[in-house]
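Just below is one structure, and these are the notes that go with it.
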Amino acid sequence: MDLNRQLIEAMADLNEDLVIATVRQMAAEGHSFEEIQQCLNTGISAVGTRFERGDYFIAALVVSGMVYRRARDEGGPRRAG
């Protein structure tokens, strides 16, 4: 499975450890922040679809936001401090 698909599915499944590991691997391999963010957005959209179907509940939406924020921070552009 390619890393994009892996990240999308991990985000949709709320598998935080795999999301973070995949984001780190993608960043290390030179994938752009925009590409990583697009995968995260697709995965979080799947979370919304699962919520609409009744497969996920409110808590899953909260968790997905937390995972998304952490993953975005991990894969985002580094700022000089």
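The values are calculated or read from the model by the stated rules, or taken from the named source; none is laboratory data. Keep in mind that this is a model prediction, so the values were computed, not measured. As a convention, Cβ positions derive from the backbone with ideal geometry for all residues, glycine included, and neighbour counts pool all protein chains shown. Heads up: the accessible areas ignore ligands, DNA and RNA and are worked out on the full protein's heavy atoms, side chains in. Shrake-Rupley method; radii C 1.70, N 1.55, O 1.52, S 1.80 Å.
Yes or no: the range 54-63 includes at least one residue that is surrounded by fewer than 16 Cβ atoms within 10 Å (Cβ to Cβ) and under 20 Å from MET1 (Cβ atoms).
For the range 54-63, residues surrounded by fewer than 16 Cβ atoms within 10 Å (Cβ to Cβ) and under 20 Å from MET1 (Cβ atoms): absent.
If TYR68 meets every condition in (1) open to solvent by 70 Å² or more (accessible area, probe 1.4 Å); (2) touching a Leu at 6+ places or on another chain (Cβ under 6 Å) apart from one, which number is that one?
With (1) open to solvent by 70 Å² or more (accessible area, probe 1.4 Å); (2) touching a Leu at 6+ places or on another chain (Cβ under 6 Å) applied to TYR68, the lone miss is (1).
Please find, among LEU18, LEU3, the residue that is at negative phi, without any contact (Cβ under 8 Å) to a residue 40 or more places away in the chain and touching a His at 6+ places or on another chain (Cβ under 8 Å).
LEU3
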